[in-house]
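Colleague: First the structure, which I've put down as structure tokens, then a few questions once you've had a look.
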6 protein chains.
Amino acid sequence: MSWLPSLITETPEQGFDVAIMLSRMGVKKTQPDDATRSRLRQDYANNADSLTEASHVIAVNFQTVAAANNYWR
Amino acid sequence: MSWLPSLITETPEQGFDVAIMLSRMGVKKTQPDDATRSRLRQDYANNADSLTEASHVIAVNFQTVAAANNYWR
Amino acid sequence: MSWLPSLITETPEQGFDVAIMLSRMGVKKTQPDDATRSRLRQDYANNADSLTEASHVIAVNFQTVAAANNYWR
Amino acid sequence: MSWLPSLITETPEQGFDVAIMLSRMGVKKTQPDDATRSRLRQDYANNADSLTEASHVIAVNFQTVAAANNYWR
Amino acid sequence: MSWLPSLITETPEQGFDVAIMLSRMGVKKTQPDDATRSRLRQDYANNADSLTEASHVIAVNFQTVAAANNYWR
Amino acid sequence: MSWLPSLITETPEQGFDVAIMLSRMGVKKTQPDDATRSRLRQDYANNADSLTEASHVIAVNFQTVAAANNYWR
């Protein structure tokens, strides 16, 4: 089964979760090693600017998911 | 109840508030610990570049919300 | 009265001013203290990269305002 | 006369020039002092990352101008 | 054969792979030397902020690919 | 002859090349001196984060070019 079968979700909140998944997958595809990513987590999860940038990436992906769902209008 | 029942708002100002909420939720979903986020607040809230970047993320999310509302035309 | 009654403006130049206002409001909503923001101003207003990033945020917001106005065609 | 009477241009190249003007105006509106901006120029004009970011802002504004002109199709 | 014959893919997951390829090609076209890129990999692959930014670029390219595919609706 | 006669290309690959040209032109218009740009090249071409950001700018411009070409559908 695909990790991304569809961009379509029932609700905006589910769409936000897809945006988070896309953001994490962008990291995972670049650094596939689970142990390394876990080790790095303490770096960004305790740094204000890193968290803002993480939110930035989610925002970009949420644009895509929201458009895909015609903004759940 | 969902934290994001809809992207539709009555006014542009309410839409901007949704954009702020989305930006903060992007941080919260990455760092769920309230105490850590509170501690980090003094870092970004007193740094000019951090505040500009926070505004950047809000701007990206506001694009999404504004499009969802057909720009409140 | 709302600080953002509408995204619609008569001219592109007025739309750019709305984009600037949105960018500043993104900062103000994150750091509401006027004295802190004033103190930080000397940081970003005298730093080339900070000014470029400020222009970046304005550009993102101007995309939104320009689309709202159908690009004043 | 407005510094931005219209986003419409005859050619893509002229549109790129408008994007540059918008990017510079975003800086100027944030730091209106000409002497300060001139002094800062040596900082970003001799730094690779600063130039890349300047190009980034132009790219965002060019998206707006290109859409306004229906991509000069 | 072109390295980018089309933006059209059968599935969202394949579209994400195209977005990754576009992101890497943007690096490769800027630094064509394979040995240099390999050497630099340890820098960004072990740095949290670098990985977030890599995910950011993928997100921007995924917007393009998703729009091209009409979001696989 | 204009350096940008059109955003329209026959193929996606050619469109990516236009995106690269736009990204470089954004730098060149900001720093017109060829010798300075050549000197700075060793800075960004050997830095992982700089290359990622270069790819980011290309991605933004590729969005524009791809939209202009209706995604070569």
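Colleague: Report yes if F:Trp3 is free of Cβ contacts under 8 Å to residues at least 24 places away in the same chain and not hydroxyl-bearing (Ser, Thr, Tyr), otherwise no.
Modeller: Considered against the rule, which asks whether it is free of Cβ contacts under 8 Å to residues at least 24 places away in the same chain and not hydroxyl-bearing (Ser, Thr, Tyr), F:Trp3 comes out as yes.
Colleague: Taking into account only those residues within the stretch B:30-54 that are at the interface with chain A (Cβ under 9 Å from one of its Cβ atoms) and β-branched (Val, Ile, Thr), which is nearest to A:Glu53 (Cα to Cα)?
Modeller: Applying the first criterion (at the interface with chain A (Cβ under 9 Å from one of its Cβ atoms)) to the stretch B:30-54 yields B:30-31, B:33, B:36-37, B:39-45, B:47, B:49-50, B:53-54.
Filter again for β-branched (Val, Ile, Thr), leaving B:30, B:36.
Working: B:Thr30: 11, B:Thr36: 17 Å.
Here the residue is B:Thr30.
Colleague: So, in the stretch D:60-73, of the ones that are under 15 Å from the mean Cα position of the chain (by Cα) and more than 7 Å from chain F (Cβ to nearest Cβ), which residue ends up nearest to E:Gly26 (Cα to Cα)? Before the answer, list the steps.
Modeller: Pass one, the stretch D:60-73, residues under 15 Å from the mean Cα position of the chain (by Cα): D:60-66.
Filter once more, so that each one left must be more than 7 Å from chain F (Cβ to nearest Cβ): D:61, D:64-65.
Numbers: D:Asn61: 20, D:Thr64: 22, D:Val65: 23 Å.
Among residues in the stretch D:60-73 that are under 15 Å from the mean Cα position of the chain (by Cα) and more than 7 Å from chain F (Cβ to nearest Cβ), the one nearest to E:Gly26 (Cα to Cα) is D:Asn61.
Colleague: Within the stretch D:1-20, identify whether any single residue is at the interface with chain F (Cβ under 7 Å from one of its Cβ atoms) and among the acidic types (Asp, Glu), and answer yes or no.
Modeller: First, pick out the residues of the stretch D:1-20 that are at the interface with chain F (Cβ under 7 Å from one of its Cβ atoms): D:11-13, D:16, D:20.
After this cut, where a residue has to be among the acidic types (Asp, Glu) as well, the list is D:13.
Yes, the stretch D:1-20 has at least one match.
Colleague: Could you check how many residues of the stretch E:61-70 are touching a helix residue (DSSP H, G or I) at 6+ places or on another chain (Cβ under 6 Å) and without any contact (Cβ under 8 Å) to a residue 40 or more places away in the chain?
Modeller: Number satisfying all stated conditions: 1.
Colleague: If you go through the stretch C:14-52, how many residues are under 17 Å from B:Ala59 (Cα atoms) and touching an Asp or Glu at 6+ places or on another chain (Cβ under 7 Å)?
Modeller: 2
Colleague: Test of understanding: among A:Val27, A:Val57, which residue is in contact with a helix residue (DSSP H, G or I) (Cβ under 9 Å, 6 or more places away or on another chain) and either touching a residue at least 24 places away in the same chain (Cβ under 8 Å) or at the interface with chain B (Cβ under 8 Å from one of its Cβ atoms) (or both)?
Modeller: Details: A:Val27 fails: either touching a residue at least 24 places away in the same chain (Cβ under 8 Å) or at the interface with chain B (Cβ under 8 Å from one of its Cβ atoms) (or both).
Within the list A:Val27, A:Val57, the selection yields A:Val57.
Colleague: Can you tell me which residues in the stretch E:30-43 are in contact with a helix residue (DSSP H, G or I) (Cβ under 6 Å, 6 or more places away or on another chain) and at pLDDT below 95? It would help to see each step written out before you state the result.
Modeller: Here is the first cut: in the stretch E:30-43, the ones in contact with a helix residue (DSSP H, G or I) (Cβ under 6 Å, 6 or more places away or on another chain) are E:30-31, E:40, E:43.
Listed by number, the list holds a single entry, E:Asp43.
The values are calculated or read from the model by the stated rules, or taken from the named source; none is laboratory data. If you're wondering where the values come from, they're calculated on a predicted model, not measured in any experiment. Reconstructed Cβ throughout: ideal geometry from the backbone, glycine too, with neighbour counts over all protein chains shown.
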